[in-house]
Every structure is written in structure tokens, then in C-alpha cells.
Amino acid sequence: MLKKRTKTAVVSFFCTYLMLGTALAAPVKNLETGDLNVDFMIHNSSDSGSNFNFDYKITHSLTVGFEKTNWRSAGYKTNETYAQFNFGPNSRFIVGNVSMDSHNKSFLGGATNGFLNEDWDYYVSQVVGSHFRESQVGLSYKLTDDLKTNFTYRISKFNDKKCDGFYWGLSYRFDIGGINRENDEGDSEYKFPLIW
């Protein structure tokens, strides 16, 4: 039991340390341990463009992610990294960093999500930092067990740059392994993917 807790604590600390250097803009998802979710979205906002992100649920309570957003008409890009810590079945504490034009802004926030029915779920998130804020509300529709389409309204502000608008995209979920808490000996089994 102590060995399992030690492994979980070490992995959580390491991932938190990595994520403290960089934000959440992607749809909030219901993932199982070991799931990697990849999103691609386009936006019709004050500056049109696109964004790509992935979320990887390492343990039952820890998800890490990365997002890259490109605002074509304004000619600037952001990179975001974040960690989500579950503190309830539908609630998450978020810590991360956003980088734009060689400026970095750390942030804290929260998110919640839930199911409307077997095909639709919703999500709401808010993150804030020094001269940075981002809020979003959205819906996801299940096309297959692993493929969803997302509809999001997002309000973002980074220093004096603002981007509010609607986003649409697709999410695909892969099961690539994580910390398996359900083996016979009651100890954690690590199954990290080759991309790490």
C-alpha cells in the first residue's frame, strides 16, 4: 500500500513540477486513466484561426495537457501547458502557464463538467493569472465511443490582446495506458506510452 502511494505521489509531483512552467482552453473531458484525448478546433472569433491540444489522464486524479493556438489574422500564437487535479466526480483544479510573444503567464483555475444525456455533455472552465484570463462554456456530442464533436464559446485576454468567439472541433480518445490501480496485488502498474 505504501509503495502504491509513493509511486502516485512521485508521479503527481513530477507532473505538477513540469506543468507549473506553462493554461486550459480545450474542452473539459471525462477520461479514464490511460486515455489520451486529441482535439482540433477552428474558431470564428475576433481573430480567426485554429487550435490543437492533447490531454493525457495519468492517474485517477491527474490529467496533463498541452495546447497550441494560432490566430491567423492577428499573426500571433500561444502555447499552453496545464495540469488538472480532480477533487470530485465532475470538478477540477487547474494550474498551468500560457506563453505568447515570449511572455509567460502562470494561472490557476477550475472546471466542471457533466452529462446532459447519453450523447451530450457540457463543460465550464475559468482560469486567471496576472494580465491573463480565460473563460469557456461548451457542449460535446458523442459521434462514436471515441469520437466527439465540440461546440465552445471562449473569452480570452492576454495582456491587451483579446479573442472572444465560437469554436468548433473534433476530439478523439486513445487508450494508451497509465497507472493501473486494479491489479491483483493492489500495487500500481506503470504503462507509459513511448511518446514520453
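Kindly state, to the nearest 0.05, the FRET efficiency for Glu118 paired with Ser50, given R0 = 25 Å and r defined as their beta-carbon distance. Here the calculated transfer efficiency is 0.25.
Could you calculate the FRET efficiency of Thr149 with Ser61 from 1/(1 + (r/R0)^6), where r is the beta carbon distance between them and R0 is 22 Å, rounded to 0.05? Could the numbers behind the result be given before it?
Details: r = 28 Å, r/R0 = 1.25.
Working from the Cβ atoms, E equals 0.20.
Computed from backbone phi with θ = phi - 60° and the Karplus coefficients 6.51, -1.76 and 1.60, the 3J(HN,Hα) list for the range 112-119 is 9, 8, x, 9, 8, 7, 5, 10 Hz; x is used for glycine and proline. The heavy atoms of Val137 offer some 80 square angstrom of accessible surface to a 1.4 angstrom probe. The accessible area of Ile155, taken with all protein chains in place and a 1.4 Å probe, comes to roughly 50 Å².
Extension gain His131-Phe166, at 0.36 nm per residue separation less the Cα-Cα distance, in nm?
Numbers: separation 35, 0.36 × 35 = 12.60 nm, distance 2.22 nm.
Computed gain between His131 and Phe166 is 10.4 nm.
The values are calculated or read from the model by the stated rules, or taken from the named source; none is laboratory data. In this text, all values refer to a predicted model and were calculated from it rather than measured experimentally. Using ideal geometry, Cβ is built from the backbone for each residue, glycine included, and neighbour counts are taken over all protein chains shown. Accessible surface areas use protein heavy atoms only, side chains included; no ligands, DNA or RNA. Shrake-Rupley method; radii C 1.70, N 1.55, O 1.52, S 1.80 Å.
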